[in-house]
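So the structure is just underneath, and the comments pick up after that.
The values are calculated or read from the model by the stated rules, or taken from the named source; none is laboratory data. The model shown is predicted, which means the values in this text are computed figures rather than measured ones. Here the Cβ positions follow ideal geometry from the backbone for every residue, glycine too, while neighbour counts run over all protein chains shown. The protein model used for the area step is the full one, side chains on, heavy atoms only, and it has no ligands, DNA or RNA in it. Shrake-Rupley method; radii C 1.70, N 1.55, O 1.52, S 1.80 Å.
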Amino acid sequence: MLVLLQTMLCVATVVVQATLSSVLSINNVYPDLCLVLACLAGFLSNEYKGLVMGLTVGLLQDLLTPGGIGLNLLLKGLTGALAGMTTHTVSTVTTAAVAIVTLVLSLGCGLASLIVAYPDIKGSETFHAISWILVPQSLYQSFLAAGIFWLTHKFRHSFGVVHFAQGRR
Amino acid sequence: MPRSEHTSLPITTGLRRVLVGVFIVFLFLVLFLPRQSQEWLGQVGGPLGIILEGPLQVVASIQDSLEETWSHYIALQHVWEENQNLKLEIQNLQGEQNRLREQAIVGRDFQRLSIYQETAPMTTLAAQIIGRNVSNWYRAIVIDKGARDGIRAEMGVITDAGVVGRVVRVNSMTSVVLLLSDPNIAITGMIQASRDEGIIQGTPQGNIRMKYLPPLSPVQIGDAIVTSGLTDDFPRGLHIGQIQQVTKAATDLFQSGEVTPIVDFSKLEGVLVITSFQPPISVESPPSPETLAAP
């Protein structure tokens, strides 16, 4: 049942990403909701759940992306796993920690996508892509992940399904 | 003061009765008088009427206002409910109007595409856009037609205005189309006036450039760019855009130019996928020697 719900969440995220990107965009920069989902799965659960959710949402995203199948699968899976691993190293996963880790993972993920998507990019175009797309997008994603984490943390007792890694794992 | 002074004119009960009787007889007589003879009564009643007119008007106005207030108060209870119902109805009608307007706009777009589809010298398949920009690093759209509908990778995608892009991924029921503004797409184009050919390619900024134009090409700002038909995905002559800026450094071998696309990619709702087309110029086989030798 839980697997079905998680799969539905992944499908819903990709659908929202495909249909509402223009609504979510700020100055033509929109968040990669799939990456945010993978990160949150890792933060709120563990590295295994982050990996599985990341792989699932990455695969679905790859189906609707021009690049070859595998890039998002790999990157999102890795992102989810790394986000989960931080719950081992960071004693208390706070909203600030979520924001910083998501920012770092977003930058890494975005840089890898940039290199794969634009292999023949020139120096000035790389600078433009990093300064106008990669950095604002990473900041947006980090803000979004931190916001959702904060909300989930606040209402975790109401949801009753969130397992935090604060010494209870 | 003696009491008798107050009753200086003593009227007996019998006299009072006589006076009342006379007055009644007088009234009857007045009623039976001819109408012309009654005018003097009107003259007497005129000043009395003026005296009564003011208070009567005041009372009448108070009565009117009371009646009006009362009736409005009672009526308002119904009006409030009616108002709420009307507001709801207006909202529903506005929603309906908006939906119809949207349908009309979408229908108009698809009708235009349909008309173009019938007249265009190629076989096309109409498709609706169901998603965009799933990844930040590609400028792409997702259409609702896939392998099941006969779509294959590398097929060209157009609208009635001009070129949109190329199919790059085909799923069973959906396909991903890379837009002309993406750096990963390149198609052959030519200047319509001078027939000089070049490569049309997107940039990471989302613009379109025409590269490898001959150095002596008389390309000018505003020149129309069309497909050259050298590749298998687009027939010759489809509109791509207009030259916006021409650049050629002294060390460059070729000219290049910024192109303003004819299609607004952000407002696309429906597209046509080119499934097959005939070359515009039929290449006939050369005459055989027997044909030439025949008388």
- Query: Among the residues of the stretch B:123-133, is any closer than 25 Å to A:Thr19 by Cα and modelled with pLDDT under 80?
  - Reply: yes
- Item | Qualifying residues in the stretch B:161-180 (those that are within 11 Å of B:Ile240 (Cα to Cα) and not in a strand (DSSP E or B)) - the one nearest to the other protein chains (Cβ to nearest Cβ) | B:Leu180
- Task: Would you tally the residues in the stretch B:195-241 being in contact (Cβ under 8 Å) with a residue 24 or more places away in the chain, away from chain A (no Cβ under 14 Å) and not hydrophobic (A, V, I, L, M, F, W, C)?
- Result: 20
- Find the helices (runs of 4 or more DSSP H) located wholly in the stretch A:94-169 whose residues include 2 or more that are open to solvent by less than 80 Å² (accessible area, probe 1.4 Å) and either modelled with pLDDT under 85 or more than 21 Å from A:Asn28 (Cα to Cα) (or both), and list them. A:95-117, A:123-129, A:135-154
- Message: Please determine whether any residue of the stretch B:148-156 is within 27 Å of the chain's Cα centre (by Cα) and either among the hydrophobic types (A, V, I, L, M, F, W, C) or within 16 Å of B:Lys267 (Cβ to Cβ) (or both).
- Response: no
- Note on the structure: Of the residues in the stretch A:1-57 that are part of a helix (DSSP H, G or I), β-branched (Val, Ile, Thr) and within 12 Å of another protein chain (Cβ to nearest Cβ), the one that is nearest to A:Ala129 (Cα to Cα) is A:Val23
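For (1) among the charged types (D, E, K, R); (2) closer than 14 Å to B:Val246 by Cα; (3) open to solvent by 30 Å² or more (accessible area, probe 1.4 Å), each residue gets a yes or a no:
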position	(1), (2), (3)
B:Lys145	yes, no, yes
B:Ile151	no, no, no
B:Met173	no, no, yes
B:Val176	no, no, no
B:Ala193	no, no, yes
B:Gly198	no, yes, no
B:Leu216	no, yes, yes
B:Ile221	no, yes, yes
B:Ser228	no, no, no
- Note on the structure: For B:Asn184, the lone unmet condition from (1) open to solvent by 50 Å² or more (accessible area, probe 1.4 Å); (2) part of a strand (DSSP E or B); (3) within 14 Å of another protein chain (Cβ to nearest Cβ) is (2)
- Query: Residue check, A:Ala83 against (1) part of a helix (DSSP H, G or I); (2) within 14 Å of chain B (Cβ to nearest Cβ), all met but one. Which one?
  - Reply: (2)
- Inspect all residues belonging to the stretch B:39-50 and state whether any of them is loosely packed, with under 10 Cβ neighbours inside 10 Å, modelled with pLDDT of 75 or more and assigned to a helix (DSSP H, G or I). no
- May I ask you to verify whether B:Val167 is open to solvent by less than 10 Å² (accessible area, probe 1.4 Å), at pLDDT 90 or above, out of contact with any Asp or Glu (no Cβ under 8 Å at 6 or more places or on another chain) and on the phi < 0 side of the Ramachandran plot? no
